[in-house]
Amino acid sequence: MKQANTLPGFMKSQTFILFLVFIALNIFFALMSDHFFQLGNYFNMLKQSSALLLTAAAATMLMMTGNFDLSASANLAFSGVLYALLAAAGLPLLLAALITLAAGMGFGLINGLLVTRWEISPFIATLGMMFIGNGLALVVCGGQSVRSGLPDNFRNLMNAELLGLPVPILIALVGCTLFWVLTNRTLIGKYAMAIGSNRNAAVLSGINVNAITLGLFVAVALMASLSGIMTASRIGAGDPRIYEFFFMDVVVAIMLGGTPLSGGRGSIIGTLIAAMIVIVIGNGLSMLNVLIFWQTIIKGVILIVAMILNEKVKFGSRVVATTPPADRSVANQATSVAAQ
Amino acid sequence: MDGSNILEIRDVGKAFPGVVALKGVSFDIKRNTVHCIVGENGAGKSTFIKILTGVHERSSGEITLDGKPFAPTRVRDAMAAGISVLYQELNVVDELTIAGNLTLGQEAHSFGFPKQDTAILEKAAGILASFDESISMDTLVGSLSVAQKQVVEITKALCSDCAVLVMDEPTASLSLGETRKLFDTVARLKASGVTIIFISHKLDEIFENGDYITIFRDGEMIETRSLEGLERSDLVRMMLGKVVVNDYVPSPAIQTETALEVRNATTRKLRNVSFDLQKGEILGFYGLVGAGKTEVCEILYGHPCAGEIRVKGKATRLDDVRKSLKAGLALVPEERREAGIFGLLGIRQNIPLMNMANVKSHGLVRRAEENRLADHYIDALSIAARDREHQVSLLSGGNQQKVVIAKCLNRDSDIILMDEPTRGVDVGAKQEIHDIIRELAGQGKSIIVFTSELQEVVQLCDRIALMYDGALRQIVQNGPDLDTDHIMKLVAGEEIEA
Amino acid sequence: MRWNVDRIKHLLQTETQKAVLIGTLIVMMIGLSLATPSFLSVTNFTNVFLKVAVIVIIASAANLLMVTGHFDLSVGSVLAFSGILHAYLCKHGVPIEMSMLITCIVAMGWGGINAMTVAVLGINPVIATVGVLFIARGFAFLVARWDGGANIMTGLPMEFVDFGRELVFGIFPLAIVMMVAALALFLFIEKRTEIGRFAYAIGANLQAAKLSGINTVGIIALLYVIVALFAGLSGILQTSRVGLAAPNVAKGLEFDVIVAIILGGTAMTGGVGSTIGMLLGALVVGFASNGLILLGIPFYYQSIAYGVILIGSLMLNQRFTNPARA
């Protein structure tokens, strides 16, 4: 199955254009700032963005089915706090991480069940879960960041190196590769695409649509939870208010990457490049001492532009779909002449 | 044709809560034939197909497939037993290649990784090539024409070794050329030993392709026979049943003034439709399902068409709903719940929505006027409701339809389009709605009724426009000497001497 | 219509949600006045009403928007931005009236962007309005920074705060008066205008509304613009009253607004709802969060409650109104 060929032409080019934009941005910032184009800075950017890359990759697959998870940011905050609390309570870090991941998975299960069993719109269902998650994150730590009593090795996860590469970059690399393989080389990717494109066809082909949707909700929740653990480890604390706009970064990356809200197609590579574009802009602008608020504004503008671009594609294809094939009108005329 | 039965259906019935959709039908389908099933909407044929394909479970009866008892509870059961369906709406995934679609849901895989199964793919490629050699297995399905997508679906059914292929109105969205190709396919399928159950509203197709036919009406099997020697008009008569007394009374106020002229209206589905509508007249459009009635209604209410439309002598484009309303047309739509009523709102709120001017003074909505209007229509149309605030979704079908009509009447349009005005309403309400329509005509309104019920046009309409396959074949004058046989022949597509 | 037993029964059936809200309010008030002595004080009630006022001003417009089946997540950002813009303009010599006018027009511009993405392009409002949420918030911080600090508080003209602290007829704070005005306006629109009637029709059945000749896109777009305008007005009011413009105010206000509307009986899917119900919902939200503070319960339990209300209301909706909808 050669899935690369199955992507419509424009998307291949959209990913390519994104890549060009990415390169251009790198060149621009490299010229503008002495500190930008350095290995250390790139490692730094990748370390900071590893959580985003992981979750966005998973959420792209979910979006291919036409679903979305807004509760990812709440899940990230909640998982970070829970992980820190468990670590501070003296649990071995691995055990703490496993318990946290299991709790984070709960978000995915609830989201998935609300969407598949109760048929609630994924936007509203996960918005509700976002509130509940945000509240829970504050409740478990009593509204205070968890900083004291953390074991010495708490920050190791994010600061250790393996084979000369920082561990978070390796995790992101492994995770993103996994989701790329899932999307492009396994049946799950194909089925996710089929569900978003023509749900009825998927059902009639005997695909277990609900199980796959639920599974992808769980996958996104797991990645968000892992992101929480990684973020807690990076800052050395469990902060219930961290990274409020995480899910927005995820949306921006996915939509700019060329995956439409309605699903049916999607590109992990596109999402990852788009995420890196957002990150490079942020990093580059702060190198140039541009106010951080511009980042927020630019993200918003990118989101709106990406929406308009994606919708234009949709409108375009609709026009094509409703235009009758040329032979039809000719045939109609022929018969109408014959009928007279 | 070896003459044995592939399917034997015995007393199969299906009851839904409150409705008996299928009343114990029995017939046989012979192996390796094209077996057609016909019937008007609600006749029970789609319920029967859904039972056969495992979408619904039957309430009673037996089916034997190839001599073995057959009781599918899921679509997959039916597929496994060798019954595949080609649905009217396409069920292909545009974003996948043909190969991807053909294997969807049945891929050979290990741990979720698809295995290159060359045997299956070669078989599929062979079947595909036998229909259309020009398309390759790596083509993206989204780039195919509708007919080619259909070929992909047929190929998919054949890949799963189906013995029986159900085709549910397969030509509904095809052009003539594409239809021709599909019929070649049907012939080839039959030659390769597949039994085809062919459902269509188009009689041409049935006579061209079919060997046997089963006629459904009102949930019952009327007849199963060979198509050989069957007259079209006899077939239509069996489908429609007996037309009872003709109590038609001419509309009293027909004037020679023309309210609406349509000249050579042509769309994908319509071919050169031309007609006039007089002031004070009830014009009926009649034809079997799919003949083009709905499309005629659409070009008068928001859909573009080629040709000319004149309202009261003035050339007008009616390609936007608001233009149609402004030109003096109003529609009582066919889909009452989806497009007619505002179910969550009360009767009072529903009625003025097409024309707020009647309830406004000095630019403001006056509750007293709304109340007056609602009371007026509840009284005038005898809407059975608790009070004027009664939520419309909780009313009976007939009363909902009266609310839709009231909403439309409040617009005070000169031309009223009524698409299936009495579908799904009980007999009493039907009579009342007919009376309302007659009264409106009496007031000098022009009314077009689109219906697939012969009884309705014959009772109600002054003139009857007969549609067949997108063309208006003739407009007949109603009256005591109306020849229903003639009507049936025309809507059946039979040639008649001028 | 005469008041007889049937009529009262009917009212009780249709207005259950409002009755429940009023009951909740009464229980909350009695409970809180017994539990904390500081509850029944003029200061506390003024505080609650000032909080409720902002919610109600925006929610009166947002309520009708939700009646059409749409909502706006950007109101908090638009409020913050408008407050900052107004303070910035006043500080830099623009006359106050002119500054208010400009701020209102810019606020309507934010609404225009939402109108375009949601009403014209048909993008899901959850995602579409988040674009403006970002941009407006970003500009709020940026404008404050242009002024030279994190907040704008010094150098504002004397009249600036006068406006916000003005007492109409000597007793009513302007915010309360504006709240009443917004309520009255939208009660009026809901009951007496075509727009109100059409909003209900759009929410009840979009397809039927189009076939009835209603300009559905125009009405949804108009409501987005009005919601943004009211958010802008609230921003001006709040900044003026406090005498300080901070770019990080009103974070999460959009959810207070949405929850107040949902509690008031407006369905997220549209078609039903009332301005009065929304007012009761806003009061419950206001007194509940006041109660949490007074009782020393951490505010974050509110967030959990919001999530449960959001999901719960949709589940109930699925159960009860859907048969009527289909």
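Filtered by the rule that a residue be more than 14 Å from every other protein chain (Cβ to nearest Cβ) and assigned to a helix (DSSP H, G or I), the stretch C:294-309 gives a lone residue, C:L294. Listed by first and then second residue, the pairs linking a residue in the stretch B:4-32 that is closer than 24 Å to B:K190 by Cα to a residue that is hydrophobic (A, V, I, L, M, F, W, C) and part of a loop (DSSP other than H, G, I, E, B), with Cβ atoms under 6 Å apart and 6 or more places separating them unless they lie on different chains, are B:N32/B:M1. Only one of the listed residues (C:G235, C:G243, C:G264) is over 24 Å from C:V126 (Cβ atoms), open to solvent by less than 20 Å² (accessible area, probe 1.4 Å) and in contact with a helix residue (DSSP H, G or I) (Cβ under 8 Å, 6 or more places away or on another chain). That residue is C:G243.
Against the conditions (1) at pLDDT below 90; (2) part of a helix (DSSP H, G or I); (3) more than 10 Å from every other protein chain (Cβ to nearest Cβ), B:A374 satisfies every one except (1). One residue alone among C:G270, C:G243, C:G291, C:G218 is farther than 17 Å from C:I58 by Cα, within 14 Å of chain B (Cβ to nearest Cβ) and modelled with pLDDT under 90, and that residue is C:G270.
Restricting attention to the stretch A:250-281, the residues that are open to solvent by 10 Å² or more (accessible area, probe 1.4 Å) and under 20 Å from A:N41 (Cβ atoms) add up to 6.
Of the residues making up the stretch B:379-401, those that are outside any helix (DSSP H, G or I), of a type in the set (D, E, K, R) and surrounded by fewer than 19 Cβ atoms within 10 Å (Cβ to Cβ) are B:R386, B:D387, B:E389. Residues that are within 24 Å of B:T155 (Cα to Cα) number at least 3 in the following strands (runs of 3 or more DSSP E) confined to the stretch B:1-109: B:34-38, B:83-86. The conditions of being over 23 Å from B:I433 (Cβ atoms), surrounded by fewer than 22 Cβ atoms within 10 Å (Cβ to Cβ) and within 13 Å of chain C (Cβ to nearest Cβ) are met by B:H362. Remark: C:A181 matches the filter, which requires a residue to be more than 13 Å from chain B (Cβ to nearest Cβ) and either touching a strand residue (DSSP E or B) at 6+ places or on another chain (Cβ under 7 Å) or within 24 Å of C:A53 (Cβ to Cβ) (or both).
Residue-wise test of (1) farther than 30 Å from C:D72 by Cβ; (2) within 14 Å of chain C (Cβ to nearest Cβ); (3) open to solvent by 70 Å² or more (accessible area, probe 1.4 Å); (4) not in a loop (DSSP other than H, G, I, E, B).
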| residue | (1), (2), (3), (4) |
| --- | --- |
| A:F107 | no, yes, no, yes |
| A:I124 | no, yes, no, yes |
| A:M129 | no, yes, no, yes |
| A:I132 | no, yes, no, yes |
| A:A137 | no, yes, no, yes |
| A:S148 | yes, no, yes, no |
| A:R155 | yes, no, yes, yes |
| A:V174 | yes, no, yes, yes |
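Within the stretch B:269-281, the set of residues being under 27 Å from B:L203 (Cβ atoms) and either buried (at least 17 other Cβ atoms within 10 Å of the Cβ) or of a type in the set (V, I, T) (or both) comprises B:K269, B:L270, B:R271, B:N272, B:V273, B:F275. The one condition from (1) facing chain A (nearest Cβ under 8 Å); (2) open to solvent by less than 40 Å² (accessible area, probe 1.4 Å); (3) of a type outside the set (A, V, I, L, M) that B:G82 does not meet is (1).
Identify, please: which residue in the stretch A:37-51 is in contact with a helix residue (DSSP H, G or I) (Cβ under 6 Å, 6 or more places away or on another chain) and surrounded by fewer than 24 Cβ atoms within 10 Å (Cβ to Cβ) and is, among those, farthest from A:L178 (Cα to Cα)? The qualifying residue farthest from A:L178 (Cα to Cα) is A:F37.
Of the candidates B:L182, B:L230, the single residue that is without any contact (Cβ under 8 Å) to a residue 24 or more places away in the chain and surrounded by 15 or more Cβ atoms within 10 Å (Cβ to Cβ) is B:L230. Selection within the stretch B:87-123: residues that are within 13 Å of chain A (Cβ to nearest Cβ) and of a type in the set (G, A, S). The member of this set that is most open to solvent (accessible area, probe 1.4 Å) is B:S110. State whether one or more residues within the stretch C:107-117 are of a type outside the set (V, I, T) and at positive phi. Taking every residue of the stretch C:107-117 in turn, none turns out to be of a type outside the set (V, I, T) and at positive phi. Looking only at residues of the stretch A:33-85 that are of a type in the set (F, W, Y) and free of Cβ contacts under 8 Å to residues at least 60 places away in the same chain, we find that the one that is farthest from A:S267 (Cα to Cα) is A:F37. With respect to the stated conditions, A:G143 fails to be outside any helix (DSSP H, G or I), at pLDDT below 85 and more than 10 Å from chain C (Cβ to nearest Cβ).
The values are calculated or read from the model by the stated rules, or taken from the named source; none is laboratory data. Please read these numbers as outputs of a predicted model, since none were measured by experiment. Heads up, the Cβs are rebuilt from the backbone with ideal geometry, glycines too, and the neighbour counts pull from every protein chain shown. Calculation scope for accessible area: heavy atoms of the full protein, side chains included, ligands and nucleic acids excluded. Shrake-Rupley method; radii C 1.70, N 1.55, O 1.52, S 1.80 Å.
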